[in-house]
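Here's the structure we're looking at; comments come further down.
The values are calculated or read from the model by the stated rules, or taken from the named source; none is laboratory data. It should be emphasised that the depicted structure is a prediction, and the values quoted were computed from it without experimental measurement. Counting neighbours? That spans all protein chains shown, and the Cβs are built from the backbone with ideal geometry, glycine included. These accessible areas exclude ligands, DNA and RNA; they are computed on the full protein's heavy atoms, side chains included. Shrake-Rupley method; radii C 1.70, N 1.55, O 1.52, S 1.80 Å.
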Amino acid sequence: GGSSAVDNAPNAELTVTGLYSISSTNKFVNEGKATFGKFTSIGSAQMKNTGTVTVAGKTEINATAARWVNISTWITETMQTKGAGNKYFNNCRLTVNEKLKIESSLWYNVEGAYIETKDFIMTNSHLSMEENSMLNVSNLAQLIDNRGGDKRGDEYEGIYGTGSSKGALVKFKKAIPKVNNTAQAAYYSGMLQI
């Protein structure tokens with residue numbers, strides 16, 4: 001198979017009541033309004049949102065070398081990311097109504113960006129928090145084997161405040177660390193307020 005690209009133009013509306021899936025070297029760009037019942041990505045698919053994406057069910061990215069870039073608003077019921085080499089860039093607002101689960105993933109919450117979720121599970125992953133960015137978990141955070149000495153791709157596991165003059169905010173109502181045959185469930189570094 002070849003590759004394809006879908007570009008939902010500014011002021012355009014794309015609605016898929018069921019599953020919308022992209023794979024391999026395919027690209028999805030949303031500049032307008034996109035509404036899906038479920039969104040999945042496998043392989044090395046590339047996604048970029050500068051409009052509004054609303055997913056009624058689950059957003060799932062289980063791939064290698066995938067890239068997800070949100071420059072505006074992405075709203076989903078649940079979101080799960082998994083796979084070595086994947087990179088996720090939240091440049092504005094990500095709202096996950098129920099559960100955000102990241103496993104073996106590289107996440108970057110850029111300056112002033114906001115992630116909100118009810119429940120949060122982070123396993124063997126890296127989360128960079130630039131200045132004035134925020135992660136808000138309104139219920140439960142489960143932090144599993146995020147060791148500062150272990151690398152995930154080119155980055156070390158854990159949560160890192162990467163601002164040079166201002167910090168980032170990580171807010172957990174309740175956090176539970178879980179350790180599997182190691183001494184560290186969560187690693188924090190840099191300019192962070194938790």
Yes/no for residue 183 being without any contact (Cβ under 8 Å) to a residue 60 or more places away in the chain, assigned to a loop (DSSP other than H, G, I, E, B) and either touching a Leu at 6+ places or on another chain (Cβ under 7 Å) or loosely packed, with under 15 Cβ neighbours inside 10 Å (or both): yes
Residue list for region 75-115, restricted to those being charged (D, E, K, R) and under 11 Å from the mean Cα position of the chain (by Cα): 82, 87, 93, 101, 103
Scan of region 78-109 for residues that are part of a loop (DSSP other than H, G, I, E, B) and of a type in the set (D, E, K, R), ordered by number: none
Matching residues in region 54-81 - criterion: being more than 13 Å from residue 100 (Cα to Cα), modelled with pLDDT of 95 or more, open to solvent by 40 Å² or more (accessible area, probe 1.4 Å) and in contact with a Ser or Thr (Cβ under 6 Å, 6 or more places away or on another chain): 54, 71
Any hit, region 27-35, residues being surrounded by fewer than 18 Cβ atoms within 10 Å (Cβ to Cβ), within 23 Å of residue 141 (Cα to Cα) and β-branched (Val, Ile, Thr): no
Members of region 150-167 found to be under 19 Å from residue 102 (Cα atoms), open to solvent by less than 60 Å² (accessible area, probe 1.4 Å) and either among the aliphatic types (A, V, I, L, M) or part of a loop (DSSP other than H, G, I, E, B) (or both), listed by number: 150, 153, 157, 159
All positions within region 121-135 that are more than 12 Å from residue 101 (Cα to Cα), open to solvent by less than 30 Å² (accessible area, probe 1.4 Å) and either at pLDDT below 95 or assigned to a strand (DSSP E or B) (or both): 126, 127, 128, 129, 135
Residues within region 71-121 that are of a type outside the set (Phe, Trp, Tyr), within 16 Å of residue 142 (Cβ to Cβ) and free of Cβ contacts under 8 Å to residues at least 40 places away in the same chain, tallied: 17
Selection from region 92-116 of residues that are of a type outside the set (A, V, I, L, M) and crowded, with 24+ Cβ neighbours inside 10 Å: 105, 107, 109
Selection within region 136-149 - over 17 Å from the mean Cα position of the chain (by Cα) and in a loop (DSSP other than H, G, I, E, B): 145, 147, 148, 149
Close pairs from region 39-64: first charged (D, E, K, R), partner in a strand (DSSP E or B) and open to solvent by 50 Å² or more (accessible area, probe 1.4 Å), Cβ under 6 Å, at least 6 apart: 58/38
Meets criteria (at pLDDT 95 or above and over 20 Å from residue 127 (Cα atoms)) for residue 15: yes
